[in-house]
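Structure first, then comments.
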Amino acid sequence: MDAVENAGSGHAGLPFGCAELGAYLFGEYLNLDNEDVNWPNRDIVVLSAGHGSIWLYIFLHLLNFGISLDDLTQYRSINSQTPSHPEFGKTPGIDATTGTDGQGVGFAVGYALAYKILAAKFNTPDYQLFNNKILVLAGDGCMMEGISGEASSFAGHLGLNNLILIYDSNKTSLDGFVSETMSENIELRYKAYGWDVFEIDGHDFDAMHNVFKNLRTEQKKPTLIIANTVIGKGLPNVEGTPLAHSGSLDHEYVAKIKQSLGLNSKFAVPHDVYEYFNTRIGKNQLQRARWQQLFTAWQAAHPELACEYNSMQASAISPDAISKVINNIPAPASISGRAGSNMIVNVLADALPALFGGSADLARSDGTFLHKFPILDQNNFAARNIKYGVREFTMASVAAGLALSKHFIPYIGTFLAFSDYMKNAIRLTAMMKIRVIYQFTHDSFLIGEDGPTHQPVEQIVNLRAIPNLRVIRPADFYELQQAWIAALNYSGPTALILSRQELKTLDVTSRELATGVAKGAYIVVKENAKCPEIILIATGSELELALEVASQLRNRAVRVISMPCWEIFDLQSEDYKNQILCKNNDIIRVSIEAGSAQGWHKYIGLNGLAISLDHFGESGAATDLKHKFGFTTDSILKKITKIIEERERHVVSTDFIA
């Protein structure tokens, strides 16, 4: 109450409605150690209903996770450790950034899968290293969002028996009662997914304990616990109604409630509550110490497994070693982006045991399959190919969960046009700054006959708009090699934009990473003059087209630039950017990319020429579409020539007037 009153806003409904659940989980059930938030076998807690964040912050405070009473007074304040929704990396003990309903369910499924894989790879009959639980608290809104259904279906298919989903069934949402919008039987829905389902009174400690006591050692399936709660329980006039969901609590209202509870000061915590949780802290630390002893003995007994485990840690990646592995792959004369990437990941798989691939039912087409390894299923969690089915959103959120576990480098693939299904998961992955590599193929209208539904137009622009996400569209195999090295060296997410059609391997892109993709943009053809008259900037398959156009402008000072990654280029010094693009306003700058022109004028100027596709595509052969949409040498030359002629006429006209 004090936190919400101080902030003047917030969500008191869930924290009051789930107070008993929180007390039981954090005070009795969960194995968490405040002295080692990265303890590998700790229980994971994901608050999918992220609007109830103060609930999580309070229990992390009680468990001494570095959240002070002062931090609680700063709830929802700028630069505080207690933001309005949980943020991974900002607050100790937060296992995922959540707040968009349902997404936390996907992250939790990813965590659960991660620990099933670790258990399958490293548990032995005499050493059970990984047996933790992944808990996710979801609300009615989460259960309505499609992502919860997708992710739960996937979890049921894999039989993730380390996953517990607690459904805070308070029968309200922000805008009204759930009965106004949903009438399905959640219990039957989850049983159909292959889950075990229990229903309890969410305010009854005995009911909670009767269910949870057996799940630690006897859980057979992913488990849904439907906890019937009263939203805002204890808040007079609003409890049990949508009015308790969110909003401010005025001082007089809070004072009356606190008086009835015998509390006289702000942010008061009874001493016996601290004592109780201090006891729990001691038990948790003992649990972690016992696990550490087990881990040390396991290392001695199984040195080969220990070596593999150590190599799966993020800190074990050697940039120089990875560069050497990738650069030793011979470059073919021509190859599609998707096939080239498949060559690379299959070589990388031997060098990086943490690399796990997956696809949304398109592995044969998007080039994600690891040929030396089997397909993961509930009988073989040690496999390294994950079939997500036609569940793009779930694929992206599960991949984030894998990355959050700090043991995996997940890469996932689908067609670029389908990245729209994944957008929210990509956004939160970028917000968390975790390494997930997206392999988006079929990158332009040049896929041809599949038509406008499958031909991306605005998707690259959409992805480039996401902060922290690096979008790399390589022009050929050399740039693709560099792109993979850059992605593995980056601590955040990367989207590789790859072609279906074959691309010629170009001599001009054969260079070290530091002078190529690592710059974001670089010169591939230098003009034979002090200053260029025309600068052609291209990405992906259009770089070859730019080179053809330049070869036809023999009498002009033409520079050709490859710009595979805007985000990396924007990080370069102003001197470098000026060296590449030149300050001279008289230069004709031309961008060539088979997608939307949005954003390109940042580099080519307001009067620059954008060769782009700003409408939906069409079904037809790629060659025919090139001509129709103006992606031919002749078409581009005509547009450039027209600009040159107009400028020359303007100069003649000015001279005549003078």
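The values are calculated or read from the model by the stated rules, or taken from the named source; none is laboratory data. This is a predicted model, so every value here is computed, not measured. Every residue, glycine among them, receives a Cβ derived from its backbone with ideal geometry; neighbour counts consider all protein chains shown. These accessible areas exclude ligands, DNA and RNA; they are computed on the full protein's heavy atoms, side chains included. Shrake-Rupley method; radii C 1.70, N 1.55, O 1.52, S 1.80 Å.
Miscellaneous remarks
- Applying a threshold of 8 Å to beta carbon distances and a minimum spacing of six or more residues, or different chains, the list of pairs starting in region 614-629 at a residue that is within 18 Å of Thr453 (Cβ to Cβ) and ending at one that is β-branched (Val, Ile, Thr) reads Asp614/Val457; His615/Val457; Phe616/Val457; Gly617/Val457; Ala622/Ile447.
- Lone unmet requirement of (1) modelled with pLDDT of 95 or more; (2) more than 32 Å from the chain's Cα centre (by Cα); (3) of a type in the set (A, V, I, L, M) for Leu235: (1)
- Those residues of region 249-290 which are among the basic types (Lys, Arg) and in contact (Cβ under 8 Å) with a residue 60 or more places away in the chain, in sequence order: Lys258, Lys266, Arg280, Arg288
- Count - residues of region 177-211 that are closer than 18 Å to Leu160 by Cβ and hydrophobic (A, V, I, L, M, F, W, C): 5
- Test: residue in region 6-20 that is farther than 19 Å from Val254 by Cβ, in contact (Cβ under 8 Å) with a residue 60 or more places away in the chain and in a helix (DSSP H, G or I): yes
- Criterion applied to Ile78, Ile117, Ile58 was being open to solvent by less than 10 Å² (accessible area, probe 1.4 Å) and either in a helix (DSSP H, G or I) or farther than 23 Å from Ala399 by Cβ (or both), and the one residue passing it is Ile117.
- For Asp36, the conditions (1) among the acidic types (Asp, Glu); (2) closer than 15 Å to Phe277 by Cβ; (3) open to solvent by 10 Å² or more (accessible area, probe 1.4 Å) all hold with the exception of (2).
- Pick from region 154-178, criterion open to solvent by 40 Å² or more (accessible area, probe 1.4 Å) and over 28 Å from the mean Cα position of the chain (by Cα), ranking: farthest from Gln219 (Cα to Cα): Asp175
- Out of Gly102, Gly110, sole residue that is under 25 Å from the mean Cα position of the chain (by Cα) and at positive phi: Gly102
- Count of residues meeting criterion [aliphatic (A, V, I, L, M) and open to solvent by less than 40 Å² (accessible area, probe 1.4 Å)] in region 298-311: 1
- Residues of region 282-326 satisfying the condition of being under 23 Å from Gln482 (Cα atoms), of a type in the set (A, V, I, L, M) and part of a helix (DSSP H, G or I): Ala314, Ala316, Ala321, Ile322, Val325, Ile326
- Residue ID - nearest to Ile426 (Cα to Cα), chosen from residues in region 438-466 that are in a helix (DSSP H, G or I) and hydrophobic (A, V, I, L, M, F, W, C): Leu463
- Filter result for the condition that a residue is crowded, with 24+ Cβ neighbours inside 10 Å and either under 21 Å from Ala622 (Cβ atoms) or not acidic (Asp, Glu) (or both), over Gln501, Gln552, Gln482: Gln482
- Criterion: within 19 Å of Gly102 (Cα to Cα) and either surrounded by 22 or more Cβ atoms within 10 Å (Cβ to Cβ) or of a type in the set (Asp, Glu) (or both) - qualifying residue of Asp206, Asp126, Asp196, Asp140: Asp140
- Of the residues in region 64-71, none is open to solvent by less than 30 Å² (accessible area, probe 1.4 Å), out of contact with any Phe, Trp or Tyr (no Cβ under 8 Å at 6 or more places or on another chain) and β-branched (Val, Ile, Thr).
Yes/no matrix, rows are residues, columns are (1) surrounded by 18 or more Cβ atoms within 10 Å (Cβ to Cβ); (2) under 18 Å from Lys133 (Cβ atoms):
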site: Ser152; (1), (2): yes, yes
site: Glu180; (1), (2): no, no
site: Pro242; (1), (2): yes, no
site: Ser248; (1), (2): no, no
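- Of all residues making up region 618-647, the number that are farther than 18 Å from Leu547 by Cα and open to solvent by less than 60 Å² (accessible area, probe 1.4 Å): 7
- Leu496 vs. criteria over 19 Å from Gly367 (Cα atoms), aliphatic (A, V, I, L, M) and surrounded by 21 or more Cβ atoms within 10 Å (Cβ to Cβ): no
- Single residue of Gly520, Gly516, Gly492 found to be at positive phi and in contact (Cβ under 8 Å) with a residue 24 or more places away in the chain: Gly520
- For beta carbons closer than 7 Å, sequence separation of 6+ or different chains, a first residue in region 362-386 that is farther than 19 Å from Val398 by Cβ and surrounded by 21 or more Cβ atoms within 10 Å (Cβ to Cβ) and a second that is of a type in the set (A, V, I, L, M, F, W, C) and modelled with pLDDT of 95 or more, the qualifying pairs are Gly367/Ala339.
- 1 or more residues within 23 Å of Asp43 (Cα to Cα), among the aliphatic types (A, V, I, L, M) and without any contact (Cβ under 8 Å) to a residue 40 or more places away in the chain: qualifying strands (runs of 3 or more DSSP E) within region 139-244: 196-201
- Considering region 569-612, the residues that are buried (at least 18 other Cβ atoms within 10 Å of the Cβ) and touching a Pro at 6+ places or on another chain (Cβ under 8 Å) include one that is farthest from Ala557 (Cα to Cα), namely Gly595.
- Among the residues of region 250-281, the ones that are open to solvent by 60 Å² or more (accessible area, probe 1.4 Å) and part of a helix (DSSP H, G or I) come to 13 in all.
- Taking (1) open to solvent by less than 50 Å² (accessible area, probe 1.4 Å); (2) touching a strand residue (DSSP E or B) at 6+ places or on another chain (Cβ under 6 Å); (3) closer than 17 Å to Glu593 by Cα in turn, Pro532 satisfies each apart from (3).
- Applying the condition of being touching a Phe, Trp or Tyr at 6+ places or on another chain (Cβ under 9 Å) and open to solvent by 10 Å² or more (accessible area, probe 1.4 Å) to region 433-449 and asking which residue is farthest from Glu87 (Cα to Cα) yields Leu446.
- Count of region 99-114 residues which are open to solvent by less than 10 Å² (accessible area, probe 1.4 Å) and either among the polar types (S, T, N, Q) or free of Cβ contacts under 8 Å to residues at least 60 places away in the same chain (or both): 3
- Selection of region 616-631 for residues being assigned to a loop (DSSP other than H, G, I, E, B) and farther than 23 Å from Lys642 by Cα yields Phe616, Gly617, Glu618, Ser619, Gly620, Ala621.
- Of the residues making up region 312-361, not one is without any contact (Cβ under 8 Å) to a residue 12 or more places away in the chain and surrounded by 20 or more Cβ atoms within 10 Å (Cβ to Cβ).
- Search result, residues across region 353-383 that are touching a Leu at 6+ places or on another chain (Cβ under 7 Å) and among the aromatic types (Phe, Trp, Tyr): Phe356
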